[in-house]
Amino acid sequence: MLELMRQWLLSITCAALVIAMAESLTPSGTIRRIGRLTGGLVLLLAMLEPLLTLDQGALTQALTEYRLSLDGYAQELEQEDRDLMKDIIEERSAAYIQDKAACMDIDCQVSVTAGEEGDWPVPESVTVFGGLSEEQQSRLTRSIEADFAIPAERQYYEGGGGT
């Protein structure tokens, strides 16, 4: 493609040089005006030459390949977007649960795993790390069930007894 552009620009430049030289050699008057008109038409032809010799089959094939590559990129970007959204939801959900636990005077670390149900990733399991008493664990479990609709069966506690 770059080679075609180079050849096109080179042909326009050569045509312009030949026209300028011919104009400087022609006498003034009607002959010069006819020469300018002819030169303008030659320059226009040099500029439009790629369109006149256009191979429509090759152009169609190139455009089809370009569209296919764009579709591939779009799918890759969509998957990357979903992965990023999943990571963001996991991080923010974990931070929310950890803040909620801190409000209940519970010192712990939280990890959330999201699953893809429908259009958006949804938190589906929680792992809480820290030494929690049975009462703290029970309060946090109820809070997570109420805020995220994650049942107690998918809430895991490590480092202080489990549910």
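The values are calculated or read from the model by the stated rules, or taken from the named source; none is laboratory data. Keep in mind that this is a model prediction, so the values were computed, not measured. Cβ placement follows ideal geometry from the backbone for every residue including glycine, while neighbour counts extend to all protein chains displayed.
Please work out which residue is farthest from the chain's Cα centre (by Cα), limiting yourself to region 116-163 and to residues that are assigned to a loop (DSSP other than H, G, I, E, B) and of a type in the set (A, V, I, L, M, F, W, C). Reasoning before the result, please.
Residues of region 116-163 assigned to a loop (DSSP other than H, G, I, E, B): 118-119, 130-133, 149-151, 159-163.
Adding the requirement that they be of a type in the set (A, V, I, L, M, F, W, C) leaves 132, 149-150.
Values: LEU132: 43, ALA149: 33, ILE150: 32 Å.
Once the filter is applied, the top-ranked residue is LEU132.
Output the number of the condition that GLU78 fails; it satisfies all remaining conditions of (1) surrounded by fewer than 11 Cβ atoms within 10 Å (Cβ to Cβ); (2) farther than 30 Å from GLU124 by Cβ.
That leaves (2) as the condition not met.
Of all residues being hydrophobic (A, V, I, L, M, F, W, C) and closer than 17 Å to GLU158 by Cβ in region 109-145, which is modelled with the lowest pLDDT? Just the residue, please.
The qualifying residue modelled with the lowest pLDDT is LEU132.
Identify, by number, the condition in (1) exposed (fewer than 11 other Cβ atoms within 10 Å of the Cβ); (2) more than 30 Å from TYR66 (Cα to Cα) that LEU43 doesn't meet.
In the conditions (1) exposed (fewer than 11 other Cβ atoms within 10 Å of the Cβ); (2) more than 30 Å from TYR66 (Cα to Cα), LEU43 misses (1) alone.
Based on this model, can you work out whether LEU9 counts as outside the structural domain of ASP119 (by TED's automatic domain parsing), within 30 Å of GLU117 (Cβ to Cβ) and of a type in the set (A, V, I, L, M)?
Numbers: outside the structural domain of ASP119 (by TED's automatic domain parsing): yes; within 30 Å of GLU117 (Cβ to Cβ): no; of a type in the set (A, V, I, L, M): yes.
Criteria not met by LEU9.
Scan region 55-70 residue by residue and report those that are among the acidic types (Asp, Glu) and surrounded by 10 or more Cβ atoms within 10 Å (Cβ to Cβ).
The initial filter retains those residues of region 55-70 that are among the acidic types (Asp, Glu), namely 55, 65.
Correct list: GLU65 only.
Run LEU45 past the list (1) assigned to a helix (DSSP H, G or I); (2) modelled with pLDDT under 90; (3) farther than 30 Å from LEU63 by Cβ and report the number of the one that doesn't hold.
Here LEU45 clears every test but (3).
Of SER28, SER69, SER93, which residue is polar (S, T, N, Q) and not in a helix (DSSP H, G or I)? Lay out the reasoning, then the answer.
Numbers: SER69 fails: not in a helix (DSSP H, G or I); SER93 fails: not in a helix (DSSP H, G or I).
Of SER28, SER69, SER93, the one residue that is polar (S, T, N, Q) and not in a helix (DSSP H, G or I) is SER28.
Could we say that ALA16 is part of a helix (DSSP H, G or I), surrounded by 12 or more Cβ atoms within 10 Å (Cβ to Cβ) and in the same structural domain as GLU145 (by TED's automatic domain parsing) here? Please lay out each step first, then the result.
Numbers: part of a helix (DSSP H, G or I): yes; surrounded by 12 or more Cβ atoms within 10 Å (Cβ to Cβ): yes; in the same structural domain as GLU145 (by TED's automatic domain parsing): no.
So ALA16 fails the test.
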